Amino acid sequence: MEKLRAEINRHGHLYHVEARPEVTDDVYDELFRRLQAWEAQYPELSSPSSPTHRVGADPQDKFETVEHVAPMLSLDSTQEMDDVRRFDERVRKALGSGVEPVYIMEPKLDGASIELVYEHGVLVRAVTRGNGRAGEGVTENIRTIAGVPLTLRTEERPAPALLALRGEVIMYISDFQRFNEGLRAVGQEPYASPRNSAAGSVRQLDSRVTASRKLDVLVYDVLAVDGVPLSSDMEGVEAIRQWGFRVPERIERAASCDEVFRYHAAFDADRDGLDYEIDGIVIKLDDLSARRAMGATAHHPRWALAFKFAPRQEVTTIEKIDIQVGRTGVLTPVALLRPVSVGGVMVSRASLHNREELRRKDLREGDRVRIQRAGDVIPQVVEVVETRADRPPPFEMPSECPACGTEVYEDGPRTVCPNRFRCPAQLKGRIIHFGARSALDIEGLGEETANMFVDRGLVSELAELFDLGVERLMELDGFAETSATALVEALEATKTPELHRFLVALGIPEVGVTVARSLAESFGTFDRVRDATREELEAVSGIGPRMSEAIVGYFTDVRTAAAVDALLARGIVPVAVEVVASNLPDLGAAVFTGAIPVPRVVAEGAWRAVGGSTSGAVSKKTAFLVAGDNAGSKLEKAEKLGVPVLDFDEFVVRLREHGGDIERGD
Ligand code: IVH
């Protein structure tokens, strides 16, 4: 059985990683079935890392929060050549005279970052980036990705006791397009980009859903490894390849800025021909000891830089300027464009934001305009490039809401329809938002359905969605028995939503996914969120006076309160979550060494006051070391373990980021 597993793994690797299969699918399937049969016959010889165990874990309620083996920092980024030159100067200064830096250049993949941890060659954990220190344990989902070895290949290199790698989960553009077509065909909201779709697939609670999506992982960094002395990034990449992973293509060395610029330009030119999204290149210092010497700021390593591409641009014509009324009543002018492909994505509309933006750019119907799109960011109109001879007068925002006829008012640059409860456009927006992916994720409740419900007078407030029966739905165009039953069941299934999703779904002003999560974690139950005072709300990290006012305003407004009550009366019971002991996030352990400008106890106290912990010794668990003058063995140890090293000023910056501060004794 072990031999058969090795054989299957070898063919899997040849097929999925190296793209040069030696056998046909039939032969592979036959080997696979034989192994399955044997494992069924001898269950005691089955193994969790068998290739037959890539799918089939039971759905989870939630993801566990897992600390990374080493912090997953993000990258400093720029679009400017001058910044690249300055980066190169900093590196040269750090290396000292006489040492020429060597850089490694790679494509910057636009996917979802992931940490893969192998113990004695076996995949034991896969963790999303999260906040960089800890992320969500998505091991079951990552196991379903065929290109990720469940056990390291050891033909060329033995498996270390511990190996933590960093890579990017991506969905190839061709797979993404097919996937979205499938979603559209069943009336579901398509994903905005391959990156969103990859990230969404990785965060499915049911790993069978992830298994049904075609994903791949490209690995580009060794986060930590036991007993394998690596001295350069190139060696690391080679080791990663030997252990059986796919690595980004076209990794190259550079010794000067000019070489970096050439590589950047070449990749930019080839970008449209790639089957995966990249948004720039990454430049990294190759020498690992030089990297350790340069260290990191609170957010990113000093030895690497993302050199991004300029957004893709095209020229097209504004055919019409339309007004869209959102769920909050804001009137947004939208340019309906002659459809044009921008880097493979058809663009036919672009938001013009508001009255002032429109006036500033002086955009009018019939104008030829330059548009741009960066990743999945909504396309923008950059500027007018040409106007018609018979150009119409400047566009004026309407004085009445195009959806309900109510007189609009101006709120700063925005134009707003005040008819919050009776404007059909706002209601449509609320329904779509209620069922959206980040809210209650109700399959079958998309834009078309929401419009139909409102236009036909079936739904006049959110709660009435739950009164729709199968028969009633079947009277509508586009609903047959199956789809009507499916929607009613989908609505029924949302009656015990996760608390944060319910908070998002309500559409409380200022409350997006992040704030909703903090609220849920800090208060635990819906009633406690609802009853929270402004002071209590502001005690939650990330919530300021503006938000607390909006939240309290929402729950105390008689009409929104009644709409919420109506939902609860339909039997919605948001699931309570365990309240984290303190409202403060765990910021990790800091260690201080050397001479710093304040007594050490003061610095330690300041860090603990914002939710961190402190320790006297450096270990793999240390979040960062603050090193003053004459730092000694602790600094060496931190550098060896890859623990970020901050100077005192950087520590103060980090403290302030978390709402703390320190009095300097000088
Ligand atoms: S290196 C500490 N290399 O870009 C440096 N990152 O903020 C580790 N990314 O979230 C990152 N392609 O997930 C590196 N070839 C590449 C990359 C890459 C994509 C992502 C990474 C990170 C983001 C930058």
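On the basis of being among the aliphatic types (A, V, I, L, M) and buried (at least 17 other Cβ atoms within 10 Å of the Cβ), does L568 make the cut?
Working: among the aliphatic types (A, V, I, L, M): yes; buried (at least 17 other Cβ atoms within 10 Å of the Cβ): no.
Criteria not met by L568.
Which residues, counting only those in the range 118-127, are surrounded by fewer than 16 Cβ atoms within 10 Å (Cβ to Cβ) and part of a loop (DSSP other than H, G, I, E, B)?
Across the range 118-127, the qualifying residue is only H120.
Give me the helices (runs of 4 or more DSSP H) completely within the range 355-462, filtered to those with at least 1 residues that are touching a strand residue (DSSP E or B) at 6+ places or on another chain (Cβ under 7 Å) and either aliphatic (A, V, I, L, M) or closer than 30 Å to R271 by Cα (or both), ordered by residue number. Reasoning before the result, please.
Details: elements: 355-361, 424-435, 447-455.
Where helices (runs of 4 or more DSSP H) fall fully within the range 355-462 and carry at least 1 residues being touching a strand residue (DSSP E or B) at 6+ places or on another chain (Cβ under 7 Å) and either aliphatic (A, V, I, L, M) or closer than 30 Å to R271 by Cα (or both), they are 355-361, 424-435.
Every residue in the range 139-187 that is within 19 Å of D221 (Cα to Cα) and within 18 Å of the chain's Cα centre (by Cα), please.
Selection gives T139, I142, R166, G167, E168, V169, I170.
How about the range 233-317: which helices (runs of 4 or more DSSP H) wholly inside it have at least 1 residues that are in contact with a Phe, Trp or Tyr (Cβ under 6 Å, 6 or more places away or on another chain)?
257-270, 288-294
With V237, V282, V228 as the choices, which residue is over 18 Å from V99 (Cα atoms) and in contact with a Pro (Cβ under 7 Å, 6 or more places away or on another chain)?
Numbers: V237 fails: in contact with a Pro (Cβ under 7 Å, 6 or more places away or on another chain); V282 fails: in contact with a Pro (Cβ under 7 Å, 6 or more places away or on another chain).
None of the other options fit; the residue is V228.
Within the set of pairs 6 or more residues apart or between chains, which connect a residue that is in contact (Cβ under 8 Å) with a residue 24 or more places away in the chain inside the range 75-91 to a residue that is of a type in the set (F, W, Y) with Cβ atoms less than 6 Å apart?
Once the first residue is in contact (Cβ under 8 Å) with a residue 24 or more places away in the chain and sits in the range 75-91, its partners that are of a type in the set (F, W, Y) give V84/F307.
Output yes when any residue across the range 429-441 is surrounded by fewer than 22 Cβ atoms within 10 Å (Cβ to Cβ), among the charged types (D, E, K, R) and under 20 Å from R472 (Cα atoms), and no when none is.
The answer is no; no qualifying residue exists.
What pairs come out if I take residues in the range 237-263 that are more than 22 Å from V222 (Cβ to Cβ) and pair them with residues that are in a helix (DSSP H, G or I) and modelled with pLDDT under 95 whose C-beta lies under 7 Å away, six or more apart or interchain?
none
Quick one: E2 ticks every box in (1) within 25 Å of V222 (Cβ to Cβ); (2) without any contact (Cβ under 8 Å) to a residue 24 or more places away in the chain except a single one, so which number is it?
The one condition E2 does not meet is (1).
Residue by residue through the range 282-293, note down the ones that are within 8 Å of the ligand (Cβ to nearest atom) and touching a helix residue (DSSP H, G or I) at 6+ places or on another chain (Cβ under 8 Å).
K284
I'd like to know if the range 292-299 contains one or more residues that are under 26 Å from V217 (Cα atoms) and either touching a His at 6+ places or on another chain (Cβ under 9 Å) or surrounded by fewer than 19 Cβ atoms within 10 Å (Cβ to Cβ) (or both).
Looking for residues that are under 26 Å from V217 (Cα atoms) and either touching a His at 6+ places or on another chain (Cβ under 9 Å) or surrounded by fewer than 19 Cβ atoms within 10 Å (Cβ to Cβ) (or both), one finds at least one in the range 292-299, hence yes.
In the range 69-98, what residues are over 29 Å from the mean Cα position of the chain (by Cα) and of a type in the set (S, T, N, Q)?
Hit for the range 69-98 is S97, nothing else.
Name the single residue that is nearest to N9 (Cα to Cα) among those in the range 118-146 being of a type in the set (K, R) and within 16 Å of the ligand (Cβ to nearest atom).
R129
Note down all Cβ pairs under 9 Å where the first residue falls in the range 470-497 and is over 19 Å from I432 (Cα atoms), the second is hydroxyl-bearing (S, T, Y) and crowded, with 18+ Cβ neighbours inside 10 Å, and they're at least six residues apart or on different chains.
M474/S483
Among the helices (runs of 4 or more DSSP H) contained in the range 507-587, which hold 3 or more residues that are within 20 Å of H658 (Cα to Cα)?
The helices (runs of 4 or more DSSP H) meeting that bar are 513-523, 534-538, 545-556.
Which of the residues that make up the range 256-287 are surrounded by fewer than 19 Cβ atoms within 10 Å (Cβ to Cβ), modelled with pLDDT of 95 or more and of a type in the set (A, V, I, L, M)?
Scanning the range 256-287 gives A265, A266.
Taking A159, is it of a type in the set (G, A, S), part of a loop (DSSP other than H, G, I, E, B), more than 16 Å from the ligand (Cβ to nearest atom) and at pLDDT 95 or above?
yes
Return the pair list, or none, for Cβ contacts closer than 6 Å from residues in the range 126-144 that are in contact (Cβ under 8 Å) with a residue 12 or more places away in the chain and closer than 14 Å to V55 by Cβ to residues that are within 15 Å of the ligand (Cβ to nearest atom) and assigned to a helix (DSSP H, G or I), at least 6 apart or on different chains.
N141/V202
Restricting to the range 170-179, give me the number of residues that are away from the ligand (no atom under 16 Å from the Cβ) and not in a helix (DSSP H, G or I).
The total comes to 0.
Could you check how many residues of the range 63-117 are within 16 Å of the ligand (Cβ to nearest atom), charged (D, E, K, R), crowded, with 18+ Cβ neighbours inside 10 Å and outside any strand (DSSP E or B)?
1
If you check A310, A296, A350, which single one turns out to be small (G, A, S) and either in contact with a helix residue (DSSP H, G or I) (Cβ under 7 Å, 6 or more places away or on another chain) or within 16 Å of the ligand (Cβ to nearest atom) (or both)? Break it down into steps so the answer makes sense when it comes.
Values: A310 fails: either in contact with a helix residue (DSSP H, G or I) (Cβ under 7 Å, 6 or more places away or on another chain) or within 16 Å of the ligand (Cβ to nearest atom) (or both); A350 fails: either in contact with a helix residue (DSSP H, G or I) (Cβ under 7 Å, 6 or more places away or on another chain) or within 16 Å of the ligand (Cβ to nearest atom) (or both).
Going through A310, A296, A350 in turn, just one is small (G, A, S) and either in contact with a helix residue (DSSP H, G or I) (Cβ under 7 Å, 6 or more places away or on another chain) or within 16 Å of the ligand (Cβ to nearest atom) (or both): A296.
From the list G167, G132, G182, exactly one residue is touching a Leu at 6+ places or on another chain (Cβ under 8 Å) and either surrounded by fewer than 21 Cβ atoms within 10 Å (Cβ to Cβ) or in a loop (DSSP other than H, G, I, E, B) (or both). Which is it?
Going through G167, G132, G182 in turn, just one is touching a Leu at 6+ places or on another chain (Cβ under 8 Å) and either surrounded by fewer than 21 Cβ atoms within 10 Å (Cβ to Cβ) or in a loop (DSSP other than H, G, I, E, B) (or both): G132.
Name every residue in the range 195-215 that is in contact (Cβ under 8 Å) with a residue 60 or more places away in the chain and away from the ligand (no atom under 13 Å from the Cβ), in order of residue number.
Hits for the range 195-215 are N196, G200, S201, R203, Q204, L205, D206, S207, R208, T210, A211, L215.
Condition test on Y15, is it more than 26 Å from P248 (Cα to Cα) and assigned to a helix (DSSP H, G or I)?
Answer is no for this residue.
Given the structure, is L465 at pLDDT 95 or above, in contact with a Gly (Cβ under 9 Å, 6 or more places away or on another chain) and not in a loop (DSSP other than H, G, I, E, B)?
So L465 passes the test.
Starting from the range 24-38, take each residue that is in a helix (DSSP H, G or I) and list its partners that are among the hydrophobic types (A, V, I, L, M, F, W, C) and surrounded by fewer than 16 Cβ atoms within 10 Å (Cβ to Cβ), counting only C-beta distances under 8 angstrom and pairs at least six apart or across chains.
Going by the 8 Å Cβ cut-off, the qualifying pairs are L35/M1; W38/M1; W38/L45.
The values are calculated or read from the model by the stated rules, or taken from the named source; none is laboratory data. All values derive from a computational prediction rather than experimental measurement. Cβ coordinates were reconstructed from backbone atoms using ideal geometry, including for glycine residues, and neighbour counts include every protein chain displayed.
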